[in-house]
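The values are calculated or read from the model by the stated rules, or taken from the named source; none is laboratory data. Here the structure is a predicted model, which means the values were calculated and not measured. Cβ coordinates were reconstructed from backbone atoms using ideal geometry, including for glycine residues, and neighbour counts include every protein chain displayed. These area figures cover heavy atoms from the full protein model, side chains too; ligands, DNA and RNA do not enter into them. Shrake-Rupley method; radii C 1.70, N 1.55, O 1.52, S 1.80 Å.
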Amino acid sequence: MVLRARLGRDEGERAVVHRLAAARKAPKFVVERCRMVELSWDGWLVPQIADELRCSQKTVRRWLHRFNRSGLEGLEDLGGQGRKRRITEAERSRIIALVKLTPPGRLEVQPSNEMWAAVESGPSEWTLDTLATAARDLGIEVSRSQVRRILLAEGVRWRRTRSWTRSRDADFEGKGHGSSSSTPARPPARPSSAPTSSAR
């Protein structure tokens, strides 16, 4: 029986495999294993994949079996010495992919020219907090600080919501105060000084 990598469970899983297979910053072993899956999806047989990646056929079979059984998680190293990574490469990729998605609470113009959001109670902008919450909704236990470190390591920029009460304008501090209940009276104009005889 010919061994092939099963199709991705969804577009998200397929996108992560393709991204990691071409990644420059991901660990080499993760890139290689995702490349095995990608080549298998393209119709390559185990001996061809082994020749292309300069590894044994046994290694290719091992990781294709692991992927077929456990998906992206199966491509991670299990056990071993040292502390296990708290966030896997697959989870890191899913968090990074979130930034490229439209926040579920953002209002968008529909073909009917009406504006509505996919999830009214969802975030309208991505922030570290909303990204961490969205990741946890996907089953990824991650903190706000971890999300920040992941995005910084990948060089990912995201839009931060700016309130009108914040500005880089040096004069903004004076403008930002709310108006008082009573408007102060305008000071009387100074009388113009007429020339005097002593000024001549």
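Below are the figures for this structure:
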| item | result |
| --- | --- |
| Estimated distance in nm for a label pair at LEU7 and THR102, the labels positioned 7 Å out from Cα along Cα-to-Cβ | 2.6 nm |
| Cα-based shape type of the range 13-58, given that a ≥ b ≥ c are square roots of the gyration tensor eigenvalues and the cut on a/c is 1.5 | oblate |
| In the range 19-79, trypsin sites (Lys or Arg not before Pro) in a DSSP loop with at most 13 other beta-carbon atoms within 10 Å | ARG24, LYS25, ARG54 |
| Long-range amide H partners of ARG6 with built H, under 5 Å | ASN68 |
| Where PHE29, PHE67 fall by accessible area, highest first, once all protein chains stay in place (1.4 Å) | PHE29, PHE67 |
| Per-residue SASA entry for LEU45, accessible area with 1.4 Å probe, Å² rounded to 10 | 70 Å² |
